[in-house]
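Working notes for the structure below.
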Amino acid sequence: MNPLIKHRIKHRITRRQSLTLIGATLAAMTLPIAPLLANTVGMQQKTFAGTDKTLPVIGMGTWRTFNVGNDPELLDARTEVVKAFFEHGGGLIDSSPMYGSAPDVMGYALEQLGTPESLFAAEKVWSPAGGSAREQVAELEDRWQVEQFDLVQVHNLTDWREHLAALQEMKAEGTIRHIGITTSHGRRHSEIEQIMTSEDIDFIQLTYNITHREAENRLLPLAEERGIGVIANRPYDGGSLIKNLKRRDDPLPEWANEECGCNTWADFLLKFIVSHPALTCAIPATTQVEHLRENMRAGHAPMPSADARKRMAAYIESL
């Protein structure tokens, strides 16, 4: 292994041990020692990647929200968010080495909570990152404190040919379970389509929300055709979409509850996404337990029909 990677891992383990000592007293009082069991009652599930396995339709992202460094108070606050995520039926948590300390914070949270059986750990590799895909995965497993990732993705297609080839080998060896590619902000859809048709992948991750629906044209139908799972990032458009709706105090339409099962804007925006037949799950990110609970409630039935989804999109366009 690259000596620099070894040094980073050694430094990170030492840091995590110190963080654990700092937060141990508070964690012992507030967090369970035994692994959490997810309450999946009511949470909608979807099969993925041509398997008979299912994932809860609401996952969790860590971009920006989990990059909190060594702050003991913030570490324990994010641990409470993770705890609530699993208590409300969560499965997939997505992170990246591009997200600063987010992988370390996930490792801290899982040390405090125990690792639930429902966890579907999703990470990414990218370039430059101080090593090959194999070295990056090994480093990230240490940071998360997990033995194996359920999904490893090529972050924003960086050096995707080299990384994807390595990930395909690792999947064949059983080192990782599933592989995929990611993009965001509607970028590089043509290249994503090329990879979907030419490469053996299990997941794509892309930006899809009620105001950014470009993926409906080609990528989502292709994913359905090829049995590729789809993870929707930026479901709230980086937070601005839901914040603007709440700040302007725009009301939910009168028909939202009856036709779509929506009581909040979180319901409205997330149900629109995950009710698309090609979507496997959405990954909203948050720093607050109450917002996490609101997100998770959006994964419960009923879900909007195809006609209701059209009406939802038209309503947002009219505002």
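The values are calculated or read from the model by the stated rules, or taken from the named source; none is laboratory data. Being a predicted model, the structure only gives us computed values, none of them experimental. Here the Cβ positions follow ideal geometry from the backbone for every residue, glycine too, while neighbour counts run over all protein chains shown. To get the accessible areas, we keep the full protein, side chains included, count just its heavy atoms, and leave off ligands, DNA and RNA. Shrake-Rupley method; radii C 1.70, N 1.55, O 1.52, S 1.80 Å.
The table below gives the values:
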item	result
Filter result (more than 26 Å from G229 (Cα to Cα), in contact with a helix residue (DSSP H, G or I) (Cβ under 9 Å, 6 or more places away or on another chain) and open to solvent by less than 40 Å² (accessible area, probe 1.4 Å)) within the range 110-128	Q112, L113
Sole exception among (1) hydrophobic (A, V, I, L, M, F, W, C); (2) crowded, with 21+ Cβ neighbours inside 10 Å; (3) modelled with pLDDT under 95 for L37, by number	(2)
Close pairs from the range 71-95: first of a type in the set (K, R), partner crowded, with 23+ Cβ neighbours inside 10 Å and assigned to a strand (DSSP E or B), Cβ under 8 Å, at least 6 apart	none
Residues (farther than 27 Å from F86 by Cβ and of a type outside the set (K, R)) located in the range 127-153	S127, P128, A129, G130, G131, S132, A133, E135
R161 charged (D, E, K, R) and in contact (Cβ under 8 Å) with a residue 60 or more places away in the chain	no
Matching residues in the range 228-279 - criterion: being among the basic types (K, R) and either modelled with pLDDT of 95 or more or within 29 Å of Q194 (Cβ to Cβ) (or both)	R234, K271
Within the range 249-319, helices (runs of 4 or more DSSP H) holding 1 or more residues that are open to solvent by less than 70 Å² (accessible area, probe 1.4 Å), aromatic (F, W, Y) and under 20 Å from N233 (Cβ atoms)	265-274
Enumerated strands (runs of 3 or more DSSP E) restricted to the range 136-216, each holding at least 3 residues that are of a type in the set (A, V, I, L, M)	151-154
Single residue of S275, S305, S318 found to be over 22 Å from P56 (Cα atoms) and of a type in the set (S, T, N, Q)	S318
Residue in the range 227-238 that is in contact (Cβ under 8 Å) with a residue 24 or more places away in the chain and assigned to a helix (DSSP H, G or I) present	no
Tally, over the range 47-88, of residues that are small (G, A, S), modelled with pLDDT of 95 or more and part of a loop (DSSP other than H, G, I, E, B)	2
